[in-house]
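Heads up: the structure comes next, in structure tokens.
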Number of protein chains: 2
Amino acid sequence: MTPTITAFERSPDGGQGLARDTRVRWAFEEVGQPYNVRLVSFAAMKEPAHKAVHPFGQIPTYEEGDLVLFESGAIVFHIAERHEGLLPTEANARARAITWMFAALNTVEPPILDRATTWISERKEPWCEQRLRLVDDRIRSRLDDLSARLGNADWLDGEFSAGDLMMVSVLIRLRSSRILDEYPNLSAYVARGEGRPAYKRAFAAQLAINTGAPPA
Amino acid sequence: MTPTITAFERSPDGGQGLARDTRVRWAFEEVGQPYNVRLVSFAAMKEPAHKAVHPFGQIPTYEEGDLVLFESGAIVFHIAERHEGLLPTEANARARAITWMFAALNTVEPPILDRATTWISERKEPWCEQRLRLVDDRIRSRLDDLSARLGNADWLDGEFSAGDLMMVSVLIRLRSSRILDEYPNLSAYVARGEGRPAYKRAFAAQLAINTGAPPA
């Protein structure tokens, strides 16, 4: 049975690939599995029917027969566990790849999300500019460490994994800030991720919904 | 081989159990596995030797022979995958429990962490009080949804799982704010978690380090 995910009917980013369905699409494309997409409007996301699927009224969700999942991290992991290509088979390498998934979502993404939230929701507050500088320094503190660990490697731990998929997806959200430009190896890392054919297909598919253009 | 985790030599919370080693200790206690603890000072956490284990210079870490992990979410998952008691055996229920782990860490914890960061690092900024009110409303938005989903159930999805362990651990960080008092079913949920013998042993163990008292 082909799973069905949800995505924004109209993404707030206009198709820049920052919405979290892009991560899930990317995972499907890496493992070569087809998927269906059901689009949800902002109004419908907060209705009981959608909250029965996603308790926090967000996208993406994952439905496959009786199974209903939400949270992009959990969905990517679910795909990675069931299909070859996103997690190493060797037990220790697999555990380390999963560690990088959690690191992306719980250590690197929070200050990046804080930046976006401050930018969007506190734009008119008198503290916005000053606070953004504080948040940017917190982001740099994470990127300093991430850059040091990555060094000259292509990926965080051996072959490309779900950990890289998640970390690249998180770092892409920094593009408009230009902070990433301060870290050449991280910029190259993100470019390597975006250069993967699977990422390109995922990006094109979400863009097509937001522009009405057919996928590449 | 008994795994070794790291914890703060002196926790910033003075032993309230908010440091992330408590989650990992709780997981070990739930599955009945012994573990060793290596204490790390704030200064040592930022040294190359510790960053070789934890790239972001934090605690907890997990070392077992050749395997080195970091991120409390990844460590709890690693323990849950290898021992009975924290993840259902039925495949769909297992995937849903993992979903709640990610939801705790990536959807519920970020605004709670934002509150703590604002409180600690922006305490002297003129915007602190006003911004805390904004952040509190973001927290309430998450708790409204979580409370609605939990309803009258004891745990988020059937039996207690690693998803509940992580969600309770995240909600505990709200104690000082009193926001949790606005949600009787979530307060009772946290109390049920804290009432588990495994939690009590984990809490006592971290408290003993911070007070010098022997564990209960």
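Points worth noting:
- Subset of the range A:83-109 that is out of contact with any helix residue (DSSP H, G or I) (no Cβ under 6 Å at 6 or more places or on another chain) and free of Cβ contacts under 8 Å to residues at least 24 places away in the same chain - its residue that is nearest to the other protein chains (Cβ to nearest Cβ): A:ASN92
- Residue check, B:ALA97 open to solvent by less than 50 Å² (accessible area, probe 1.4 Å), over 15 Å from the mean Cα position of the chain (by Cα) and closer than 19 Å to B:LEU146 by Cβ: yes
- Residue that is open to solvent by 50 Å² or more (accessible area, probe 1.4 Å) and at the interface with chain B (Cβ under 8 Å from one of its Cβ atoms), where the choices are A:SER141, A:SER121: A:SER121
- Any hit, the range A:65-77, residues being surrounded by fewer than 17 Cβ atoms within 10 Å (Cβ to Cβ), touching a His at 6+ places or on another chain (Cβ under 9 Å) and not assigned by TED's automatic domain parsing to the domain that holds A:VAL170: yes
- The set of residues in the range B:158-212 that are among the hydroxyl-bearing types (Ser, Thr, Tyr) and more than 15 Å from B:GLY14 (Cα to Cα) comprises B:SER161, B:SER169, B:SER177, B:TYR183, B:SER187, B:TYR189, B:TYR199.
- Options B:PHE70, B:PHE8, B:PHE102, B:PHE28; residue that is farther than 20 Å from A:ALA95 by Cα and of a type in the set (A, V, I, L, M, F, W, C): B:PHE8
- Taken together, the residues in the range B:20-65 that are aliphatic (A, V, I, L, M), more than 18 Å from B:ILE209 (Cβ to Cβ) and in a loop (DSSP other than H, G, I, E, B) amount to 2.
- A:CYS128 meets all of the listed conditions (1) open to solvent by less than 10 Å² (accessible area, probe 1.4 Å); (2) facing chain B (nearest Cβ under 7 Å); (3) over 25 Å from B:ASP157 (Cβ atoms) but one, namely (2).
- Failed criterion for A:VAL68 (all others in (1) part of a strand (DSSP E or B); (2) in contact (Cβ under 8 Å) with a residue 60 or more places away in the chain hold): (2)
- Search result, residues across the range A:47-78 that are more than 7 Å from every other protein chain (Cβ to nearest Cβ) and among the aliphatic types (A, V, I, L, M): A:ALA49, A:ALA52, A:VAL53, A:ILE59, A:VAL68, A:ILE75, A:VAL76
- Check on B:ALA91, of a type in the set (A, V, I, L, M, F, W, C), under 26 Å from A:GLU90 (Cβ atoms) and open to solvent by 20 Å² or more (accessible area, probe 1.4 Å): yes
- Residues being under 14 Å from B:GLU29 (Cβ atoms) and crowded, with 19+ Cβ neighbours inside 10 Å - total across the range B:165-206: 10
- Pair list, Cβ under 6 Å, 6 or more apart: the range B:143-159 residue on the phi < 0 side of the Ramachandran plot, other residue among the polar types (S, T, N, Q): B:SER147/B:ASN185; B:LEU150/B:ASN185
- Some residue of the range A:152-160 being within 9 Å of chain B (Cβ to nearest Cβ), more than 21 Å from A:GLY73 (Cβ to Cβ) and open to solvent by 50 Å² or more (accessible area, probe 1.4 Å): no
- Selection of the range A:30-62 for residues being surrounded by fewer than 21 Cβ atoms within 10 Å (Cβ to Cβ) and more than 24 Å from B:LEU143 (Cα to Cα) yields A:VAL31, A:GLY32, A:GLN33, A:PRO34, A:TYR35, A:ASN36, A:VAL37, A:ARG38, A:LEU39.
The values are calculated or read from the model by the stated rules, or taken from the named source; none is laboratory data. Predicted model only: the values in this text are computed from it and were never measured. Reconstructed Cβ throughout: ideal geometry from the backbone, glycine too, with neighbour counts over all protein chains shown. Surface areas here come from the heavy atoms of the whole protein model, side chains and all, with no ligands, DNA or RNA. Shrake-Rupley method; radii C 1.70, N 1.55, O 1.52, S 1.80 Å.
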